[in-house]
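Below is one structure, written out as structure tokens; comments come after it.
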Amino acid sequence: MKSLIACCCAFAILCAGPLWAQDTETLPGAPDLATALAKYHSYLFAPAVREELDAINRDMREIQRETRRATTDEAREAARTKREAIAARLSAILESCPATRAIEVTGQQTTLPPMEPISLPGDSGAFLFKVRTGDGPARCVTLTYDLSQHSNFRLPVEVAPGCTTWALISLERVPQLKTEMEIEFAIAGQPTTLLPVRTITPDHGTLSVTVLSDDTGKPAPAMMQLVWKTDGHDVRPGNAINFGPQFDSQGNWDGPRKTNYPGKLAGRYWCVPGPFNTTLAPGEYEIVVTRGGEHVAVHDTVTVVSNETVERTYRPRRWVDMRKHGWYSGDDHVHAQILSDQDAENLMAWIQAEDVHLANIVKMGDIYRTWFEQRGFGKDYRVVDKDYVLSPGQECPRTHNELGHTISMNIQNMIRNTEQYYLYDTVFDEVHRQGGLSGYCHTNSGIFYVHRDMSVNIPKDKVDFIEMLQFANMGTDLFYDFLNTGFKVTASAGSDVPWGGSVGEVRIYAYTGKKFTADRWFDAVKQGHTFVTNGIMIEFTVDDAMPGDEIVVTEDRPLRVHARAWGDAEREVPSKLDIIIHGASVKTAESADTNRDALEVDFEIPAGNGFWIAARAEGNDGSRAHTTPIYVVREGLRFWKYEGIRDLIAKRETSLAEIEKIVAEAVAGRNAMGQEDSTRTVQQLALQGPELLKRVEEAKAIYTELRATADREAALRK
Amino acid sequence: MKRRVCWGLLLAGVLCALPAAGHVALEQYLQQRVSAVVSPKNIDLTIEFMFTSAASLAERLSMDKDQNGKLSKDERRAYHEAIAQEAEAAVTMMIDGAECAVIPLYDPELDLLGSRDLEEHPHTVRLFFFTRTPATFKKGSTILVDNALWADVPVMVAVSVKGTGGIRAVASQTQGLKPPSASMRTLRVLDATCTERKEPNSKLGG
């Protein structure tokens, strides 16, 4: 991270070119100096001045933009006047900075500042010099040195002659305690001036952190942010897990997890498996501790003092225990290699840190190869610790420009035959034969043309679930379209780490009742007893039915609908609760009260001709929840959206036509974009095309039959 | 002007080095993480581009001008500068339908994640912008941000929005993964709505 400072600042300076060869702008170099001070070194100033520093940086940047865009002399003059005023503000706070060291080099006279050591706050920091070489207009220079890259600690600073230069020198990776260096002030036409400097970095202190489970009061894994307030940089907790080696160089495999938690919780977190000690530069640190969506995050600021240990014990409060309601959390989409016990331990710590009870750990493939290898599949290769389970699955077949990505859970063996790669039903059938569950990924966004294969295989009842919540994004377009066409679809959610941020940042809850086992959880998903969320919780019943259930009615009788969305005032509260029938809201409860932790609706609705009905909720932090529908089936009728059914069927047929087109292109040696292509992807699509087209024809027949069903229903519907 | 054209050509080279839209593997997708912090004074926007290993290699190839397999400080700087120059024009923001000045807050950051070699190794580019919060910004106001950088490359977008100082804002749910499209020139990377704005002196109002 710190090398970034060097990169940015060096970039800024080198772009600036020779210092004295620039235009006559007021205080040249000031924007870069203001940025470096505001972003990294505000510690040099009194707290009251730091806000002004940020304001100056913004004003500087704004006026730079105005200057670049000025097209008239008047606009340029106005910008110049503003810039002068901002430069004067910057000069004033530089003059008042207690850290400034003055150097005077005029004629043969050189006056160096007193040689007292310069204290840095930690292994990074900055010097601010005011170098006067004459009475000309002042300018600024900003430099960064990474001392780990220098064996000779002579740091050159180019200074313009005949003026005052404000020189900010940022230092990174400064050795501990005392370091001797020389600042080499190079002034055109004059001998170099050497200023010996001794830096002193303070002794480190120790931070000792324990996170407790709110259930047991014992140490537990957690997700943690640790930020040094002095420069705003992340610090890695001493025992944070590096998942990189398990990510096969895929996605975001390096560093802290960049989470997609909703609202103010989003940010970079480390997974810490247990208590840790870490030595740190003294100063204030901001700490955020989370233990998943059922807990309230803890925010704290600690002050580390040299040679002392500061101990903290955190116990994130569980605001809801969904287990007591019979609901257990899961993540259907976690990529990570498990080839050793250590790999398994790492992942187990992660799901416990996020309090996710079942993670589908997926080996991934495409038509060429596989990633995220597993030791094996099936029950023998599950990793179980109390009521937390890692269960191996697969994301394969997986085509990006043709048919979309599929995901399977609870399989006994990896199922992959690239000579049938485009015949997704062969995998779905085998998954079911093995007792597993099959689904589609990324349907929240519809990427990878997943709608195409959905149009083939959902009508054939070969798919158990779809991912409609991922990356904090709930996408309901495809979900609603297929439901409206009268197909049962179960809502699921998956983080897709390492592309996603953290396990369980979106989650599927499945109703297992009070007793949890992996098999009961999979069975609940199979039954459609699920909802998805990335924050607020939701419950939903129609009469006695729960999500995924079917209510068959023989007459138009009233049905009792009950839904509740709830949260916690310290985390998030529901702002909206909708009851959705056929994709449209029929009942809404709303609240802007941040202390109101629940929204509820309870009403009767006529069964009519049947429908699918679900509950959807939004949190005031942007989180979303959605249940799988309850299917109200009027005997003799489908639960579909009858009034729009012809358009819906036409949409699916269009998707099938897209498949016919890409197969035709492949047969002609072209890819999905019509470009000539001889890759295996296209060759195999051409070879498998006839079999795929047979399946398309079968799907077409289903849609034709659905049209006829719609015609027949016309007379039955009232 | 000449310099700008040169950098424009460089960026064009960068874009050409990436896979053609419409036929790409997931590993070549570009992940964008967009985060906004909305305060009564300013709206800060950070756009992070995360190049996965394969996509990063294409970028690294474009950086390695001397083709020695190492990304020197000068080469990294040139890449950096090209992005900085293009970014200001490529990122646009509308608040309640009115275009806002999108101002760089800091210089872009290039994080090569520990490898300065020409290899399949991910890297990250972060861009920082801000705009002044309009006086008319209120509950129900919408913020739309479009980005034309690497717009021809298929992208996955993750969005987070935070409100401070009495403002609460949430991202809409129309974001997410963006399919490749030959005609795609800009991406809507942020669509957020202000859901609450507490005026500090509202209790005093008559």
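The values are calculated or read from the model by the stated rules, or taken from the named source; none is laboratory data. Not measured: the values here are computed from a predicted model. Cβ: placed from backbone, ideal geometry, glycine included. Neighbour counts: every protein chain shown.
Going through the stretch A:666-688 one residue at a time, which ones are touching a helix residue (DSSP H, G or I) at 6+ places or on another chain (Cβ under 8 Å) and in a strand (DSSP E or B)?
Matches in the stretch A:666-688: A:670 only.
Does residue A:588 satisfy being surrounded by fewer than 19 Cβ atoms within 10 Å (Cβ to Cβ), part of a loop (DSSP other than H, G, I, E, B) and within 33 Å of the chain's Cα centre (by Cα)?
no
Which count do you get for residues in the stretch A:160-184 that are touching a residue at least 60 places away in the same chain (Cβ under 8 Å), within 27 Å of residue A:88 (Cα to Cα) and under 41 Å from the mean Cα position of the chain (by Cα)?
Number of matching residues: 3.
State the number of residues belonging to the stretch A:467-490 that are under 21 Å from residue A:641 (Cα atoms) and either in contact with a Cys (Cβ under 6 Å, 6 or more places away or on another chain) or within 14 Å of another protein chain (Cβ to nearest Cβ) (or both).
Within the stretch A:467-490, residues that are under 21 Å from residue A:641 (Cα atoms) and either in contact with a Cys (Cβ under 6 Å, 6 or more places away or on another chain) or within 14 Å of another protein chain (Cβ to nearest Cβ) (or both) number 7.
Every residue in the stretch A:333-357 that is in contact (Cβ under 8 Å) with a residue 40 or more places away in the chain and part of a loop (DSSP other than H, G, I, E, B), please.
Of everything in the stretch A:333-357, those that are in contact (Cβ under 8 Å) with a residue 40 or more places away in the chain and part of a loop (DSSP other than H, G, I, E, B) turn out to be A:335, A:336, A:337, A:354, A:355, A:356, A:357.
Scanning for something modelled with pLDDT of 75 or more and in contact with a helix residue (DSSP H, G or I) (Cβ under 9 Å, 6 or more places away or on another chain), does the stretch B:32-44 turn up at least one residue?
yes
Examine the stretch A:371-387 for a residue that is within 14 Å of chain B (Cβ to nearest Cβ), surrounded by fewer than 18 Cβ atoms within 10 Å (Cβ to Cβ) and over 17 Å from residue A:494 (Cβ atoms), and state whether such a residue exists.
No; the residues of the stretch A:371-387 include none that is within 14 Å of chain B (Cβ to nearest Cβ), surrounded by fewer than 18 Cβ atoms within 10 Å (Cβ to Cβ) and over 17 Å from residue A:494 (Cβ atoms).
Can you tell me which residue in the stretch A:418-440 is nearest to the other protein chains (Cβ to nearest Cβ), limited to those that are surrounded by fewer than 24 Cβ atoms within 10 Å (Cβ to Cβ) and not in a helix (DSSP H, G or I)?
So, considering only residues that are surrounded by fewer than 24 Cβ atoms within 10 Å (Cβ to Cβ) and not in a helix (DSSP H, G or I), the one nearest to the other protein chains (Cβ to nearest Cβ) is A:423.
Quick check on the stretch A:267-305: of everything there that is within 14 Å of chain B (Cβ to nearest Cβ) and either in a strand (DSSP E or B) or free of Cβ contacts under 8 Å to residues at least 24 places away in the same chain (or both), which residue is surrounded by the most Cβ atoms within 10 Å (Cβ to Cβ)?
Per the stated criteria, the residue is A:269.
With A:118, A:63 as the choices, which residue is assigned by TED's automatic domain parsing to the domain that holds residue A:156, under 28 Å from residue A:186 (Cα atoms) and touching a residue at least 12 places away in the same chain (Cβ under 8 Å)?
Testing whether each residue is assigned by TED's automatic domain parsing to the domain that holds residue A:156, under 28 Å from residue A:186 (Cα atoms) and touching a residue at least 12 places away in the same chain (Cβ under 8 Å) leaves just A:118.
Which of the numbered conditions does residue A:243 fail, given that it passes all the others? Conditions: (1) over 16 Å from residue A:221 (Cβ atoms); (2) within 14 Å of chain B (Cβ to nearest Cβ); (3) not aliphatic (A, V, I, L, M).
Failed condition: (1).
Select from the stretch B:25-77 the residues that are away from chain A (no Cβ under 12 Å), among the acidic types (Asp, Glu) and touching a strand residue (DSSP E or B) at 6+ places or on another chain (Cβ under 8 Å) and list them in ascending order.
B:59, B:64
If I filter the stretch A:40-76 down to residues being more than 27 Å from residue A:169 (Cα to Cα) and facing chain B (nearest Cβ under 10 Å), which single residue comes out as surrounded by the fewest Cβ atoms within 10 Å (Cβ to Cβ)?
Among them, the one singled out is A:68.
If the Cβ limit is 7 Å and pairs must be 6+ apart or interchain, which residue in the stretch B:98-113 that is more than 7 Å from chain A (Cβ to nearest Cβ) pairs with which residue that is among the small types (Gly, Ala, Ser)?
Final answer for the pair search is B:108/B:84; B:108/B:87.
Can you confirm whether the stretch A:624-639 contains a residue that is without any contact (Cβ under 8 Å) to a residue 24 or more places away in the chain, of a type outside the set (Gly, Ala, Ser), within 25 Å of residue A:464 (Cβ to Cβ) and more than 14 Å from every other protein chain (Cβ to nearest Cβ)?
Scanning the stretch A:624-639, I find no residue that is without any contact (Cβ under 8 Å) to a residue 24 or more places away in the chain, of a type outside the set (Gly, Ala, Ser), within 25 Å of residue A:464 (Cβ to Cβ) and more than 14 Å from every other protein chain (Cβ to nearest Cβ), so the answer is no.
Of the residues A:292, A:326, only one is over 21 Å from residue A:208 (Cβ atoms), small (Gly, Ala, Ser) and in contact with a strand residue (DSSP E or B) (Cβ under 7 Å, 6 or more places away or on another chain); which?
A:326
Can you pull out every residue in the stretch A:631-665 that is closer than 19 Å to residue A:581 by Cβ and part of a helix (DSSP H, G or I)?
Across the stretch A:631-665, the qualifying residues are A:642, A:643, A:644, A:645, A:647, A:648.
Residue A:510: under 26 Å from residue A:259 (Cβ atoms), in a strand (DSSP E or B) and assigned by TED's automatic domain parsing to the domain that holds residue A:387, yes or no?
Answer is yes for this residue.
Yes or no: the stretch A:692-706 includes at least one residue that is touching a Phe, Trp or Tyr at 6+ places or on another chain (Cβ under 9 Å), more than 14 Å from every other protein chain (Cβ to nearest Cβ) and more than 16 Å from residue A:422 (Cβ to Cβ).
Scanning the stretch A:692-706, I find at least one residue that is touching a Phe, Trp or Tyr at 6+ places or on another chain (Cβ under 9 Å), more than 14 Å from every other protein chain (Cβ to nearest Cβ) and more than 16 Å from residue A:422 (Cβ to Cβ), so the answer is yes.
Only residues that are closer than 18 Å to residue A:281 by Cα and of a type in the set (A, V, I, L, M): list them for the stretch A:99-130, please.
Scanning the stretch A:99-130 gives A:118, A:120, A:126.
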